[in-house]
Amino acid sequence: MIAQADPTQVDYLILAPLIMMAFGGLLLLTITSLTKRLSSSFVTTWSVAAALGSVAFAVWLWIDLDTLAQVTLSSSIIADKFSVFLTVVIGLSTALALMLTHHYLDREELPGIEMPVLMMLSASGGIIMVMAHDLIVFFLGLETLSMAVYILAAMHRRRFESQEAGMKYFVLGAFSSTFLLYGIALIYGSTGTMNLAEIGRATWLARELADGSIEFYYEPDGLMLGGLALLIVGLAFKVGAVPFHSWTPDVYQGSPTPSVAFMASVVKVAGFAGLLRLLSFLGRPTIDDWGPPLEVIAAATLLVGAFSAIVQTDVKRMLAYSSISHAGFILLGVTAGTDNGVAASLFYLATYSFLVIGTFAVLTLLSGAGDADFSLDRFRGLSRRQPALALALLVLLLAQAGVPLTTGFVAKFEVIGAAVDNGTYWLAIIAMLAAVVAAFLYIKVIVSMFLDEPADDAAAVEVPRLVGAVVAIAAIVTIVFGIFPGPIDDLAREAFVFFI
Amino acid sequence: MELTPMWYLALSAMVFSIGAVGVLIRRNPLIMFMCVELMLNAVNLTFVGLAWGRNDIDGMVAVFFVLVVAAAEVVVGLAIVVAIMRRRDLATADDISVLRG
């Protein structure tokens, strides 16, 4: 099933997306320390080029992949369509987030290349997570991703809120990582290995039934169940699922907006990748043990996210709660544990990354210098002042609400469809209820943009080309693939992981 | 009495719990970091105990990776604390509460 050449051979094509991203960041750091003053456009060009290069290698790897999966580095890294698909999503999201940093760093007078470099290093951690085929490698990827993101959150030197966000994220993140690691240790205790394929083999046992057919079953032991529970806790924290979501609103509100765009896309993608990969290797027979708890988590995430969002007055904080609610939708596909469910989750992750980056790009512009004011007043009468920007934000918000003809609708339709196929009707009903409640908050912003009079002193904000490009790309992807979801959907269906 | 991996598991579970409770109830950021380190070391003990019980090297190797991660984590955490301290005096973690709602 899995092609493996000589274990001492390293397949550099598999590692190429990772090398491109990580070395792009490290080389940039080296170059800046050797030269006196580097223009910020060079830094942006370099970093976006490295991120897109990583995407290009991933696409090459996708085309080149003739077997179902290839492993390398003593079977600790796996390249299958699942990992390559998510690598592309991470690479594109990183490129878009990097394009936002250029204008942001200029406006906030934060000289230095730390933000782009940290984003690239963090993204390389994310790529390790999606390609990991070994629990310790997965943990190292997760820490690489997280530690860079803690600093990204605390990046704004002159805003105390930013440092507070970094501190809160760090303490809770480090706390949750230890749970994840404890889970890894217990699973090692139960199976004697940290390699995912071997864990799968040690977990399911086969028995021959009376009629000659073979049935897979497994006998859970305490260590395995405890380890699985702890792993789910650790990953649920990373994706911001209730009840491990309490950091999300504070961190999103306090962090620099480009960092938030990065967190909401890349960190979520990597967290869900880990969850899907791990559960898929444990396989169908184990679903009775992790399915029900994840269903409860998904339901709570949907409801808490939607209902907490509608009472917020700060738009950035509101979007933080809405991202919690989106995590609940993605969890719907995961809990289904079917090929359809996984494909739906992948489609959701891919399209949501564009949506959320586009939305936060508009927020970056509207907050103005200081990056602090995200009250609804900032959005009043935006359609009079800047029709194009208001239209783009309208598209993005409607897509987040799940209105037809946008990617948001297709994504929500598919995950709810997966839940219905799986027979969890109650969960599907809760999801639809949450979608309706959440729609209210997006409409609140839209009404304010289009129907309210602009404030007297409101001036039009200047839209720099790069940020404008990010918003335009996000809006176009949302509309085009909302009307023709076929291409992304086909790729996601090709990329699903097995639930055996 | 024979020494089995279960003893190590029980001990590390206790140390892990002490660390977890410490993070939750202590209010000094530095002590919270120390409690996180305690939790990580409890996991290390789990790894070593289980690897010893199985006579397997993988768990022992994992400990080295965890040690490196723990060291890097401290660097990042202390950097954030220093950045905050330069702005204002910070007696307890409760003082960092501008963001709420």
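All of the numbers you see were taken from the coordinates with simple rules; none came from a lab. Note that the structure is predicted; figures quoted are calculated from it, not measured. Every residue, glycine as well, gets a Cβ built from its backbone with ideal geometry; the counts of neighbours run over all protein chains shown.
Observations, loosely collected:
- Cα centroid separation - the stretch B:1-33 against the stretch A:124-162, whole Å: 25 Å
- Number of partner chain Cβ atoms within 10 Å, mean per residue of B:44-51: 4
- Calculated FRET efficiency for the pair A:PHE160/A:ILE476, C-beta based, R₀ 41 Å, to 0.05: 0.65
- Among A:LEU405, A:LEU180, the order by Cβ neighbours within 10 angstrom, fewest to most, reads A:LEU405, A:LEU180.
- Cα centroid separation, the stretch A:171-215 to the stretch A:263-277 (Å): 20 Å
- Within the stretch A:54-71: backbone nitrogen closer than 16 Å to the A:ASP339 label point (7 Å, Cα to C-beta): A:68-69
- FRET efficiency for A:ALA469 and B:LEU78, using Cβ-Cβ distance with R0 set to 41 Å, rounded to 0.05: 0.60
- Residues A:VAL334, A:VAL266, A:VAL463, A:VAL59, ranked from the fewest to the most other C-beta atoms within 10 Å, line up as A:VAL59, A:VAL463, A:VAL334, A:VAL266.
- Couplings for the stretch B:79-88, taken from phi via the Karplus curve 6.51 cos²θ - 1.76 cosθ + 1.60 with θ = phi - 60°, read 4, 5, 4, 4, 4, 6, 4, 5, 7, 8 Hz in order; Gly and Pro are left as x.
- Chain A - mean residue ellipticity at 222 nm from DSSP helices (-39,500 (n - 2.57) per run, n ≥ 4, rounded to 500): -24500 deg cm²/dmol
- Amide H contacts of A:TYR218 (H built 1.01 Å from N, under 5 Å, at least 5 apart or other chain): A:LEU205
- Backbone phi angles across the stretch A:488-493, fed through the Karplus curve with coefficients 6.51, -1.76 and 1.60 (θ = phi - 60°), yield HN-Hα couplings of 5, 4, 4, 4, 4, 5 Hz in residue order; Gly and Pro are listed as x.
- For chain B, calculated [θ]222 nm from helices alone, where every DSSP H run of n ≥ 4 adds -39500 (n - 2.57): -27000 deg cm²/dmol
- Relative contact order of the stretch A:2-494, defined on C-alpha pairs under 8 angstrom at six or more residues apart (%): 14 percent
- Each residue of the stretch A:259-266 was assigned a 3J(HN,Hα) from its phi angle through the Karplus expression (A = 6.51, B = -1.76, C = 1.60, θ = phi - 60°), giving 5, 5, 4, 5, 4, 5, 9, 5 Hz with x at Gly and Pro.
- Database remark: amide H of A:VAL242 closer than 5 angstrom to the amide H of A:THR301 (H placed geometrically; neighbours at sequence offset of 5 or more, or on other chains; Pro and chain starts carry no H).
- Calculated FRET efficiency for the pair B:ILE25/A:ILE63, C-beta based, R₀ 51 Å, to 0.05: 0.40
- Order of A:THR72, A:THR94, A:THR359 under a 10 Å beta carbon neighbour criterion, fewest first: A:THR72, A:THR359, A:THR94
- Cα centroid separation, the stretch B:40-101 to the stretch A:291-366 (Å): 28 Å
- Largest-first principal axis extents of the Cα set of the protein assembly as shown (Å): 80, 58, 45
- Among A:95-106, A:35-46, the order from most to least packed when residues are scored by Cβ within 10 Å on average: A:95-106, A:35-46
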